[in-house]
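To start, the structure under review is shown below, and the notes come after it.
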Amino acid sequence: MKRILTFIIGTAVTVAAAAQNWQDARFFSENNYIGTARTLGMGNAVTAIGGDPGSISINPAGSSVASYSQFVISPGFALSTTGAKGVVAQGEGSAVGLGDALQTNYGRFALPNVGAIFTVNTGRRSGWKRTSFGFVLNATNNYTGRFNASGVNADNSYAASLASSAEGYSETVLGSESWWYDGGDIARMPKWVDMMGYRAGMFNGIPGDPGRYQAVTEVRDAAGNFWLAAPLYQKYGQQSYGNKYDVVFNFSADYEDTFYIGVNLGLTSLTYRMSEYFYEAPDNPDDFPVIEYTDGTRAVFNSLQMKHNFTLRGNGVYAKAGFLWRPVAGLRLGAAVQTPTVVSYSARQAFSGEVLMTGKSLVPSTTPEDSWAFRMQEPWRFNVGAAYSFGSVAVLSADYELANYRSIRYRGGDSSMPQYLSDANADIQDALGVAHQVRVGLEIKPTAAFSLRAGYNLVTYGQKNWLEEDWSVTPLTSEEKMSLWKHNVSVGAGYSFGSFFLDAAFRFRIAPKEYMIPYHYYGYDTSFTNKYIDWSVLTPEVEIKPNMMDIVLTAGWRF
């Protein structure tokens, strides 16, 4: 039974433009809190601690714990270290292409936190002692990542996959149709990536056999069957970056230094950019035959390259309320609830490609930039926490957070709900369930001015079923669920000098392996417009092992 976790966005987008799916819904709904260096160093287990601007996104009541106002700014650096290699496809034989083991590093600077809390003391000795107002920007996810895969493939090619996808469409449509055709004739609506491939010369029509295409990497035998002309050296890569932020407007109040309440108006802002490429060339140029074109030109294939750029932006709004309670000396309990965030997304993408030949000049092809919009409702979130202070020497904290990914819903964008979004919502119901986060943190103060911190997070994936190729649903086993868990380990330190303080934190994120297939071959039964993936053709499958490191420095001023 095939188990594939499609690498998010990836070439799934090249199969069908605007094809949001259940994986994307889960991916973009996930929170991976960063915040200040203090909260990050303690593993963001701060539901019951408060007193730090980085904690406000997790529990709004925490801003009134401190009796002073404060300003913080936290520059950061995110480093992705990702290994990739080709693996055995569908459990049969050896890896088909992209079999080299490659390690890729990629880093970017960011600003995971900046904000201010203004505290007003009422002057009362009892009752409501103070109120706080805050404005804080906290990063809730980072999308920095890059991987590359390469190797020799003696079985199939990217160019041939486009040819199989374009089969049935006329050369006139592929070569001359408007990119923006919006009529009702589905015979005039091939995928843009196929039109780009044809116009760049990655595959060509066969004289006397309309609707069939031969890739520049293929030969055809007397029976009309296609074969790879010779082994190809292939390279595939993806790069992503961007951030998800919560911009929080906060109000909280302190009652008797025992009970604290708070509310947030949160504005979510997300930017995600992904680029991918595919390159293939003869492993041994002397092995490739001469191609004879209908105009009498004779040429030899040198190389081809496809590039795909995708950008997603989103803005949403939510509300959050929480409390923090000190029932006895040293013990704090906290909880918060966040409403679903309704995010409006805008997406755009474009493809480009070129083929280099000896003996023939081909013109590169670039599609226009396609764009579309949709909305998505993220899940309710609940978190509870407890913390215990050992005098002024140490504090130990633990949090639990729950998000029901099954409640995620795609909503219509500029018009009524498209069918692909309705289908994605049905898949969300079948595939997803409840996701859990367990966070623990420790802060030790060897001196009044110096602090040491450590934290750990366990994050579950929130998937409960596999959606099989025949549309059936199979529950995940306990072992399969555990294989999708993420683990975050963090350490940090801080030093205070008068009204100013400096904190530093480092976090290492261990993510589960991901699997993706850069391209497929396609077939159809009775109508070429009803294409399906031909799983009998084993194309390259890549195993991706991502790891992520975050470094955050926080400078603060108490006043």
Go through (1) modelled with pLDDT of 95 or more; (2) touching a Gly at 6+ places or on another chain (Cβ under 6 Å); (3) surrounded by fewer than 17 Cβ atoms within 10 Å (Cβ to Cβ) and name the single condition Arg298 misses.
(1)
Just checking, does region 363-380 include any residue being without any contact (Cβ under 8 Å) to a residue 40 or more places away in the chain and closer than 25 Å to Asn250 by Cα?
yes
Got a number for residues in region 488-503 being under 27 Å from the mean Cα position of the chain (by Cα) and open to solvent by 60 Å² or more (accessible area, probe 1.4 Å)?
2
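What are the residues in region 340-379 that are hydroxyl-bearing (Ser, Thr, Tyr) and within 22 Å of the chain's Cα centre (by Cα), if any? So that I can check it myself, show each step before the final result.
Within region 340-379, the first condition is being hydroxyl-bearing (Ser, Thr, Tyr), and the residues that meet it are 341, 344-346, 352, 358, 361, 365-367, 371.
Passing the criteria: Thr341, Ser344, Tyr345, Ser346, Ser371.
For region 71-94, name all the residues that are more than 24 Å from Asn31 (Cβ to Cβ) and either assigned to a strand (DSSP E or B) or within 26 Å of the chain's Cα centre (by Cα) (or both). First the steps, then the outcome.
Within region 71-94, the subset more than 24 Å from Asn31 (Cβ to Cβ) is 71, 83-94.
Of everything in region 71-94, those that are more than 24 Å from Asn31 (Cβ to Cβ) and either assigned to a strand (DSSP E or B) or within 26 Å of the chain's Cα centre (by Cα) (or both) turn out to be Phe71, Gly83, Ala84, Lys85, Gly86, Val87, Val88, Ala89, Gln90.
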Which residue, of Ser94, Ser74, is among the polar types (S, T, N, Q) and crowded, with 21+ Cβ neighbours inside 10 Å?
Ser74
Considering Tyr405, Tyr400, which residue is among the hydroxyl-bearing types (Ser, Thr, Tyr) and open to solvent by less than 50 Å² (accessible area, probe 1.4 Å)?
Tyr405
Long-range neighbours under 6 Å by Cβ, at least six apart or interchain, first residue more than 28 Å from Thr311 (Cα to Cα) and of a type in the set (D, E, K, R) within region 235-258, second open to solvent by 10 Å² or more (accessible area, probe 1.4 Å) and in a strand (DSSP E or B):
Asp254/Lys129; Asp254/Arg130
Looking for something in contact with a Lys or Arg (Cβ under 7 Å, 6 or more places away or on another chain) and free of Cβ contacts under 8 Å to residues at least 40 places away in the same chain - is there at least one such residue anywhere in region 334-343?
no
Among Asp286, Asp295, which is assigned to a loop (DSSP other than H, G, I, E, B), farther than 30 Å from Arg130 by Cβ and among the charged types (D, E, K, R)?
Asp295
Every residue in region 183-216 that is under 27 Å from Asn284 (Cα atoms), among the small types (Gly, Ala, Ser) and in a loop (DSSP other than H, G, I, E, B), please.
Gly201
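Among the residues of region 217-276, how many are open to solvent by 20 Å² or more (accessible area, probe 1.4 Å) and in a strand (DSSP E or B)?
Let us first name the residues in region 217-276 that are open to solvent by 20 Å² or more (accessible area, probe 1.4 Å), namely 218-223, 225-229, 231, 233, 235, 239, 241, 243, 245, 247, 249, 251, 255-259, 261, 263, 265, 267, 269, 271, 273, 275.
Next, only the ones that are in a strand (DSSP E or B) stay: 218-220, 226-228, 233, 235, 239, 241, 243, 245, 247, 249, 251, 255, 259, 261, 263, 265, 267, 269, 271, 273, 275.
Final tally of qualifying residues: 25.
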Tell me, please, whether a residue that is within 29 Å of Leu102 (Cβ to Cβ), open to solvent by 70 Å² or more (accessible area, probe 1.4 Å) and more than 29 Å from the chain's Cα centre (by Cα) can be found in region 199-208.
no
Which one of these is in contact (Cβ under 8 Å) with a residue 12 or more places away in the chain, part of a loop (DSSP other than H, G, I, E, B) and of a type in the set (Val, Ile, Thr): Thr529, Thr474?
Thr529
Residues satisfying the stated conditions in region 20-69, i.e. open to solvent by 10 Å² or more (accessible area, probe 1.4 Å), in a helix (DSSP H, G or I) and more than 30 Å from Tyr420 (Cβ to Cβ):
Arg38
Read through the list (1) within 24 Å of Thr339 (Cβ to Cβ); (2) touching a His at 6+ places or on another chain (Cβ under 9 Å), then give the number of the only condition that Leu458 fails.
(1)
Kindly indicate whether any position in region 430-450 is farther than 20 Å from Ala25 by Cα, modelled with pLDDT under 95 and not small (Gly, Ala, Ser).
no
Complete set of residues in region 144-192 that are farther than 14 Å from Met202 by Cβ and aliphatic (A, V, I, L, M)
Ala149, Val152, Ala154, Val173, Ile186, Ala187, Met189
Only one of these conditions is not met by Val434: (1) open to solvent by 60 Å² or more (accessible area, probe 1.4 Å); (2) under 30 Å from Ala555 (Cβ atoms); (3) touching a Leu at 6+ places or on another chain (Cβ under 8 Å). Which number is it?
(2)
Scan region 314-340 for residues that are in contact with a Phe, Trp or Tyr (Cβ under 6 Å, 6 or more places away or on another chain) and open to solvent by 40 Å² or more (accessible area, probe 1.4 Å) and jot them down.
Trp325, Leu331, Leu333, Val337, Thr339
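With respect to Phe323, determine if the residue is under 30 Å from Gly62 (Cα atoms), assigned to a strand (DSSP E or B) and hydrophobic (A, V, I, L, M, F, W, C). Give the steps one after another, and end with the answer.
Values: under 30 Å from Gly62 (Cα atoms): yes; assigned to a strand (DSSP E or B): yes; hydrophobic (A, V, I, L, M, F, W, C): yes.
So Phe323 fits the description; yes.
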Pull up region 346-359, narrow it to residues that are touching a residue at least 60 places away in the same chain (Cβ under 8 Å) and either of a type in the set (Gly, Ala, Ser) or in contact with a Lys or Arg (Cβ under 8 Å, 6 or more places away or on another chain) (or both), then point me to the one that is most open to solvent (accessible area, probe 1.4 Å).
Gly359
Residues satisfying the stated conditions in region 438-487, i.e. closer than 29 Å to Ala504 by Cβ, open to solvent by less than 50 Å² (accessible area, probe 1.4 Å) and of a type in the set (Gly, Ala, Ser):
Gly441, Ala449, Ser451, Ala454, Gly455
In region 176-198, the residues that are surrounded by 14 or more Cβ atoms within 10 Å (Cβ to Cβ) and of a type in the set (D, E, K, R)
Glu177, Arg188, Lys191, Asp194
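Would you confirm whether any residue within region 303-313 is open to solvent by less than 60 Å² (accessible area, probe 1.4 Å) and over 30 Å from Tyr519 (Cα atoms)? Reasoning before the result, please.
Let us first name the residues in region 303-313 that are open to solvent by less than 60 Å² (accessible area, probe 1.4 Å), namely 303-306, 308, 310-312.
Still in the list and also over 30 Å from Tyr519 (Cα atoms): none.
Within region 303-313, not a single residue is open to solvent by less than 60 Å² (accessible area, probe 1.4 Å) and over 30 Å from Tyr519 (Cα atoms).
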Residue that is least open to solvent (accessible area, probe 1.4 Å) [pool: residues in region 360-378 that are assigned to a strand (DSSP E or B) and closer than 15 Å to Trp192 by Cα]
Ser365
If Ser389 meets every condition in (1) over 30 Å from Ala48 (Cα atoms); (2) in a strand (DSSP E or B); (3) open to solvent by 30 Å² or more (accessible area, probe 1.4 Å) apart from one, which number is that one?
(1)
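The values are calculated or read from the model by the stated rules, or taken from the named source; none is laboratory data. Just so we're clear, the structure is a prediction, and the values are computed from it rather than from any experiment. Note that we place each Cβ from the backbone using ideal geometry, even for glycine, and neighbour counts take in every protein chain shown. To get the accessible areas, we keep the full protein, side chains included, count just its heavy atoms, and leave off ligands, DNA and RNA. Shrake-Rupley method; radii C 1.70, N 1.55, O 1.52, S 1.80 Å.
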